[in-house]
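Shown next, in structure tokens, is the structure this report addresses.
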């Protein structure tokens, strides 16, 4: 965890430099440096979180009694148990937890204080970085589910006109950048265990964060740049909707300001140069090539894609 803390400080410094206007074109190259310091680790024993059976009973009873208690926030004990509960690897419980947060947000059962508390607690390193640098650790299910919860929490707080505190969102951006750059797990569906799709979850959360009008363009650019660099560095395939979610996030960002489009076109050219230097006799190279191709082809399917972006992608495809 110490190396992740060091990388987080480096990422935070890059974020601050971008906001201050001290870097721009070389942001991608700068983002690649901290991730080089993160080595993959042998998978360590994962302690599955054992849920109190009473927690699941209370979870179900709370939703079932909505017509009776529809004006009351969720019980304090139930909310405080959620961060630990999200770490479960059991597929049926994960499904219930997703259904529960969807219900709680839809029926306005989380007070703003609870939304703020959950966001801060789920952002703890012990959850956000849990077994992050290990390939295919069971901890990925909790990390992926946590990303889904962040989307709900940010959305719900914004709808209450009391968004998650800005300093917390800034910390979330930095930790999200670290997690994406360090991520080792690109699995989609795991038989008997369910969905991972963590890069789809990363893209979805990036999109939700960028809906916050309090953020500066540099904050949003930092997220897009971090996602692009993390995606570019992957040497294993993304095949189960992750390119779709990634394209959705990038396209949505590109449509909002020319600044993002200028950066993306430059980064696209740098990405192509890097691919051209790779050893084509290695499997990892072909994974990188097809990840790149799938993302760009999916972006082109959007009929509202800015013309200069579509032209840049088409020119690169025609010259590759």
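Every read-out reported here was derived from the displayed coordinates using simple, explicitly stated rules and does not represent laboratory data. Just so you know, these numbers come straight off a predicted model, no measurement behind them. With ideal geometry, Cβ positions are generated from the backbone for all residues, glycine too; neighbour counts draw on all protein chains shown.
Worth pointing out:
- Taking all Cα pairs closer than 8 Å and separated by 6 or more residues, the relative contact order of the stretch 2-319 comes to 18 percent.
- Principal-axis tilt of helix 217-233 within the chain, Cα atoms, nearest 10 degrees: 70 degrees
- Cα-projected label distance for residue 64 with residue 36, points at 7 Å along beta-carbon direction, nm: 5.8 nm
- The angle between the Cα long axis of helix 76-85 and the longest principal axis of the Cα atoms of the chain comes to about 40 degrees, rounded to the nearest 10.
- Between the Cα long axis of helix 307-319 and the first principal axis of the chain there is an angle of about 60°, rounded to the nearest 10.
- Ranked by how many other beta carbons lie within 10 Å on average, peptides 73-80, 136-143, 302-309, 239-246 from highest: 136-143, 239-246, 73-80, 302-309
- Legend: Rg and Dmax of the stretch 1-60, from Cα coordinates, 19.4, 54 Å.
- Helix-only [θ]222 nm of the chain, DSSP H runs n ≥ 4, -39500 (n - 2.57) each, per residue, nearest 500: -21000 deg cm²/dmol
- Residue-span extension gain [residue 89 to residue 25] - 0.36 nm each, minus C-alpha spacing: 18.9 nm
- Centroid-to-centroid separation of the stretch 165-195 and the stretch 222-249 [C-alpha atoms, Å]: 11 Å
- Translational diffusion of the chain, estimated by Stokes-Einstein from the Kirkwood radius over alpha carbon pairs at 4 °C in a medium of 1.567 mPa s, is 63 µm² per second.
- Ascending count of other beta-carbon atoms within 10 Å, so fewest first, for 49, 292: 49, 292
- If you take the Cα centroid of the stretch 112-130 and the Cα centroid of the stretch 290-316, the two points sit 36 Å apart.
- Stokes-Einstein translational diffusion, the stretch 84-191 - Kirkwood Rh over all Cα pairs, 0.890 mPa s, 25 °C, in µm²/s: 169 µm²/s
- Theoretical gain in end-to-end length, residue 107 to residue 217 [0.36 nm per residue, Cα-Cα removed]: 36.3 nm
- If a spin label sat at a point 7 angstrom from the Cα of residue 159 along the line to its beta carbon, the backbone N atoms of the stretch 198-221 nearer than 20 Å would be those of 204-214.
- Förster-model FRET efficiency, 25 Å R0, residue 49 and residue 167, C-beta, rounded to 0.05: 0.30
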